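Have a look at the structure below before the remarks.
The values are calculated or read from the model by the stated rules, or taken from the named source; none is laboratory data. Remember, it's a predicted structure, so these values are computed and weren't measured experimentally. Positions of Cβ are generated from backbone atoms using ideal geometry, with glycine treated the same way; all protein chains shown enter the neighbour counts.
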Amino acid sequence: MADENLVNIVTHARMGEYYLPEIQRGFIWRSEQVRKLCDSLYEGYPVGVLLLWNNPTYTQPQRGAPNHVQRPLWIIDGQQRITSLCLLFGEKPYWYGPDEWTALRRKHRVFANIDSRTGDTQFTGRSGKEDAKTVLVPDVLSKRDESEIVDLAREISGGDDRISQLVLRPLLRLWNVRNAQQIPVIQIMGKEPEEIAEIFERLNRGGTRIKETDTRFAIIAGYNPGWKRDEFDPFLNELDEKGWDIQPGYLLQAMTVFHLGKARTGEVEPSFWRQEVPGVWRLFKEALDEAITFLWDRGIPAIDLVPSEYTVIPLLAMHAKFRRTQGYSFDAAYRWFLRANMEARYSGAPLENLSRDASHIKASQTLEEALAKMPPGRKITKKDLVSLFHESFRRGEFAGLLIHLLLWQRDAHDWLQSLTLRAAGTNNGLLRPHWHHIMPRSWAKRNELPDADCVANVTILTESTNVRKLGARPPWDYVHRNNIPQQALEEHFVPEEFALKFVNGERLSKRAFAKFLRGRANLLATAAMKYLGLEAEEDA
């Protein structure tokens, strides 16, 4: 074991002399963790050990390739700290592309805020208050000699000699960690990729440092060189571009539910990870791509609309297993998926409940049989849905998804742009969908109108219309002012009586606004009953 100072570690990463093997995950630290590392270095606290693998014959990097380095040392433990050190120094690790690195630096900026009265220093994600002198940490650690730190102290103190001397001490203390702070580095000599994958798993077993599924990916990569980098990760990037930035571990679970009927990856036999994953993935990937296309067509173009990502796991597994069976209907699986979200099926003991559902999927020959074994938790009536639409609106909850689906289904148009919500769902600019309060909350609060934040007062327009055109004016103002037609309002479940009032510029009283909310909640509930296939259930 040898010690390396921070400058050397960052230089090794920048030059590609330290590199990421395929078994490694990406950078997942939060900005707070990067700041805590900086604070630990400043205080002189130990920050752990780096574990590197020395194997000249290994040629499976996570991304890219350090072709100019004959024998890179592969990072087994310490990637998050090494990348964070590079962020603090402002030096790009060799394995990052320029644009990706720029985005990462912007996301994880660390400031040293020095109190101009006491010299006390805090590391934060933003500039300090007026009585603090602020500097970006990379602007300190990137300096080559002490004279540059003196100049920096004079610069940020505005030429005030007293303050300059005060801030110089913490700046020098921070700058000195470059060489003063040493991190122990252990090299593992030789070893095969499979053995390294096992070491990686043991280091991280128990979920104390990374998720269990991350260790499974390490095992897969160790025994199936190139699969994760060349097949799995590119497909993840494609999903991300489509708006489906689903957690990789959930895809792994969906695949094991589909193929083995197991949701707990720790219960899966090691032989599956070592030998079967590439072949099963090819079958599962085709079904996954198909299912996401079906979801987009039904009004879910992005994963962030789904209240519980966990519900996607059994949906994908059921589609993969039963899609070729006689009588299969994706709509039946889709309605089950919506009910699972509505009832928060996996909110209590998610893995336990998912494992039970996985066993039912495994034991079934058809979708119909599987769904019969996984019935909804309770009967849903129209009264329940009316109550749902009277609840307070919160992004990411089921009521918002339901409104989105109902508007998508009836091809509702934006009130000012000549396009439907379905078309807006493909846009990432000012025409992207945006939540709109029909009666603006700020206006309602000023005029003492209650319940303006309930779901029945919410619809979806483009960002351009909502933010730039309608603003905080009441509907009888902006509808009349912009000549929004009555039909466009009714497409959004505005009751006919009130659509006409808004078109004519008639102001609503408190009592009339309450009636508007009741009327719209009733229209939404009626449409939702039909959409969710609940009419027959209520009649039973």
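Structure summary
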quantity	calculated
Residue match in segment 420-427 (condition: in the same structural domain as PRO485 (by TED's automatic domain parsing) and in contact with a Ser or Thr (Cβ under 7 Å, 6 or more places away or on another chain))	yes
Residue ID - farthest from ILE438 (Cα to Cα), chosen from residues in segment 361-379 that are in a helix (DSSP H, G or I) and out of contact with any helix residue (DSSP H, G or I) (no Cβ under 6 Å at 6 or more places or on another chain)	ALA363
From TYR328, TYR310, TYR334, residue being more than 22 Å from the chain's Cα centre (by Cα), among the hydroxyl-bearing types (Ser, Thr, Tyr) and closer than 30 Å to ILE460 by Cβ	TYR334
In segment 516-540, residue modelled with the lowest pLDDT [restricted to those that are charged (D, E, K, R) and farther than 18 Å from GLN486 by Cβ]	ASP539
ALA472 in contact (Cβ under 8 Å) with a residue 12 or more places away in the chain and under 30 Å from MET342 (Cβ atoms)	no
First in segment 351-373 and β-branched (Val, Ile, Thr), second anywhere and part of a helix (DSSP H, G or I), Cβ under 8 Å, 6 or more apart	ILE361/VAL257; ILE361/PHE258; ILE361/PRO314; ILE361/ALA317; ILE361/MET318; ILE361/LYS321; ILE361/ALA370; THR366/PHE322
Residue within segment 278-289 that is free of Cβ contacts under 8 Å to residues at least 60 places away in the same chain, in contact with a Lys or Arg (Cβ under 8 Å, 6 or more places away or on another chain) and either surrounded by fewer than 20 Cβ atoms within 10 Å (Cβ to Cβ) or over 20 Å from LEU351 (Cα atoms) (or both) present	yes
Qualifying residue in segment 61-75 (condition: surrounded by fewer than 15 Cβ atoms within 10 Å (Cβ to Cβ) and on the phi > 0 side of the Ramachandran plot)	yes
Filtered residues of segment 473-495 (kept if in contact with a helix residue (DSSP H, G or I) (Cβ under 6 Å, 6 or more places away or on another chain) and on the phi < 0 side of the Ramachandran plot)	PRO474, PRO475, TRP476, TYR478, VAL479, GLN486, LEU489, GLU490, PRO495
Complete set of residues in segment 304-329 that are modelled with pLDDT under 95, in a helix (DSSP H, G or I) and under 26 Å from ASP411 (Cα atoms)	ASP304, LEU305, GLU309
Among the residues listed as ALA333, ALA358, ALA344, ALA320, the single one being on the phi > 0 side of the Ramachandran plot and not assigned by TED's automatic domain parsing to the domain that holds LYS469	ALA344
Subset of segment 450-498 (residues that are more than 18 Å from PHE516 (Cα to Cα) and under 34 Å from the mean Cα position of the chain (by Cα))	LEU461, THR462, GLU463, SER464, THR465, ASN466, VAL467, ARG468, LYS469, LEU470, GLY471, ALA472
Which listed residue, of SER308, SER329, is touching a helix residue (DSSP H, G or I) at 6+ places or on another chain (Cβ under 9 Å) and crowded, with 16+ Cβ neighbours inside 10 Å	SER308
Residue within segment 59-68 that is at pLDDT 85 or above, closer than 23 Å to LEU236 by Cβ and of a type outside the set (Lys, Arg) present	no
The lone exception for ARG169 - which of (1) modelled with pLDDT of 90 or more; (2) over 30 Å from LEU73 (Cβ atoms); (3) not in a helix (DSSP H, G or I) it fails	(3)
Search result, residues across segment 380-396 that are in a loop (DSSP other than H, G, I, E, B) and closer than 15 Å to ASN457 by Cβ	HIS390, GLU391, PHE393, ARG394, ARG395
Search result, residues across segment 335-350 that are farther than 27 Å from GLU535 by Cα and surrounded by 14 or more Cβ atoms within 10 Å (Cβ to Cβ)	PRO350
Every residue from segment 403-432 that is modelled with pLDDT of 85 or more and either of a type in the set (Lys, Arg) or part of a loop (DSSP other than H, G, I, E, B) (or both)	ARG410, ASP411, ALA412, ASP414, TRP415, LEU416, GLN417, LEU419
Evaluation of TRP435 against (1) within 25 Å of THR311 (Cβ to Cβ); (2) in a helix (DSSP H, G or I); (3) touching a residue at least 12 places away in the same chain (Cβ under 8 Å) (one fails), failing number	(2)
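Rundown of residues vs (1) acidic (Asp, Glu); (2) under 20 Å from LEU354 (Cβ atoms); (3) in contact (Cβ under 8 Å) with a residue 12 or more places away in the chain, yes/no style:
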| position | (1), (2), (3) |
| --- | --- |
| TYR223 | no, no, yes |
| GLY226 | no, no, yes |
| PHE232 | no, no, yes |
| LYS242 | no, no, yes |
| GLN253 | no, yes, yes |
| LEU260 | no, yes, yes |
| SER271 | no, no, no |
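Matching residues to (1) buried (at least 19 other Cβ atoms within 10 Å of the Cβ); (2) free of Cβ contacts under 8 Å to residues at least 40 places away in the same chain:
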residue: HIS12; (1), (2): yes, no
residue: ILE23; (1), (2): yes, no
residue: TYR45; (1), (2): no, yes
residue: ASN54; (1), (2): no, no
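Residue-by-condition table, conditions (1) within 25 Å of the chain's Cα centre (by Cα); (2) surrounded by 12 or more Cβ atoms within 10 Å (Cβ to Cβ):
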| residue | (1), (2) |
| --- | --- |
| ASP99 | yes, no |
| THR102 | yes, yes |
| VAL110 | yes, yes |
| ASP115 | no, yes |
| THR124 | yes, yes |
